[in-house]
Each structure stands twice: as structure tokens, then as C-alpha cells.
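Computed from the coordinates by the stated procedures, all read-outs in this text should not be read as laboratory data. What you are looking at is a predicted structure, and each value in this text was computed from that prediction instead of being measured. Cβ coordinates were reconstructed from backbone atoms using ideal geometry, including for glycine residues, and neighbour counts include every protein chain displayed.
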């Protein structure tokens with residue numbers, strides 16, 4: 001057991017199945033769905049790979065929040081399996097964004113910096129609000145950690161988009177936009193692998209606990225144990 005849990009796992013970590021967490025997830029889902037549509041529209045209008053990458057991320061997070069709501073109150077094994085799948089999606093998204101940045105470099109189209117900056121600031125405000133909502137559950141199980149990491153990475157990505165917009169405005173080139181898009185992809189890949197490692201660890205721990213419980217149950221029903229009881 002970890003040092004934190006030795007002092008009580010409930011200390012500093014809100015319940016993952018309570019109404020407060022469910023309410024926070026519903027708000028996060030709505031915010032992410034709306035922002036995904038906004039960034040898809042303005043990403044295309046502004047020719048920004050970073051905004052389009054962030055739009056896909058918003059959409060993926062909306063789906064993740066919906067899945068998290070679906071498994072609330074379920075067994076840890078099911079939550080860990082879902083987290084494993086979410087980690088794989090996060091990692092695949094990271095690879096996709098890196099590829100998208102390389103494709104943008106091949107095309108060589110510079111984005112519109114004012115559009116990038118304005119939408120980046122709006123997205124940053126949205127993700128900071130969601131991050132504040134979810135902060136209390138950042139150290140929970142793999143499923144909760146996946147939700148928190150997605151939100152944290154989104155806020156970091158939005159801040160980088162704003163900086164990239166300033167870079168595009170100052171240089172008149174596409175490179176700040178593409179560099180930020182590649183960094184966002186690397187963050188998603190790293191977070192996805194981290195969530196998958198934790199989910200596998202939880203699944204392995206659950207399997208060992210079930211095996212130990214099965215052995216205990218078997219011994220309690222053995223002839224020797226029954227004879228001893230008599």
C-alpha cells in the first residue's frame with residue numbers, strides 16, 4: 001500500500017461515485033462538446049493545425065467523460081478496463097496529431113494568428129474551469145486519473161496555442177502552429193501510456209486479489225477444514 005493510503009485513502013480524495021463527481025463530469029462533457037464544434041469551425045477557417053488538433057481532443061474528451069459517467073459505481077476491474085481503452089485512444093490521438101503536423105509542414109500553409117489566439121484563449125478558459133472542477137479527483141483510480149490528465153493536458157495545450165499564435169503573428173510562418181501541434185501530440189501519447197500502465201497495474205492487482213480470495217474460499221470448504229469445525 002502506498003504511503004498516501006497508509007494515512008487514509010479518503011484524505012484529500014473525493015468519492016468517485018458521489019453526486020458531486022457525476023455533476024462535474026456532466027459539466028465537463030457539455031463544455032468539451034461545445035468547444036470541439038467551435039474549434040473545428042475556426043480551425044478550418046484559420047488554417048490552424050493546432051486548433052484542429054485541439055478540436056479532436058475536445059471531442060475525444062467529451063466521449064471520455066460520457067464513458068466515465070457510464071462506469072461510475074462499477075467494479076474496479078471494469079473501470080480499469082475502460083481506462084486501458086481510454087489510454088490507448090489517447091496514445092493513438094497523439095500519434096495522429098504528430099502525423100497531422102508533419103502533413104501540415106508538407107503543405108506549408110500559414111494559419112491566421114488572430115483566429116488562433118482568440119479561440120485559444122476561449123479554449124484555455126474552458127479547460128481551466130473544467131480543471132478546477134475535477135481537481136479534487138486527480139489522484140483517484142486509473143479512470144479518474146485519465147480524466148484529470150486529459151483536462152490538464154488540454155489546458156497546457158491551449159496556453160501553447162496562444163503562444164503559437166503570437167509566434168505566427170511575429171514570424172509570418174506556419175512553424176509555431178506545427179510545433180505546438182506536435183507537442184500536443186507528444187503530451188497525449190505520454191499521458192495515454194501512463195494511464196495504460198496504471199490500468200494494467202490495477203487489473204493485475206485485482207486478479208491477484210481474486211485468486212487469493214478463491215484460495216481462501218477453497219480452504220474454508222476443504223474436508224480438513226470441515227472436520228476441524230466439527
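A simple spin-label model places pseudo-atoms 7 Å from Cα toward Cβ; at residue 41 and residue 69 they are separated by 2.2 nm. Model label points for residue 107 and residue 122, set 7 angstrom from Cα along the Cα-to-Cβ axis, are 2.0 nm apart. D for the stretch 29-135, whole µm²/s, Stokes-Einstein with Kirkwood Rh over alpha-carbon pairs at 20 °C and 1.002 mPa s: what number? In µm²/s, the coefficient is 143.
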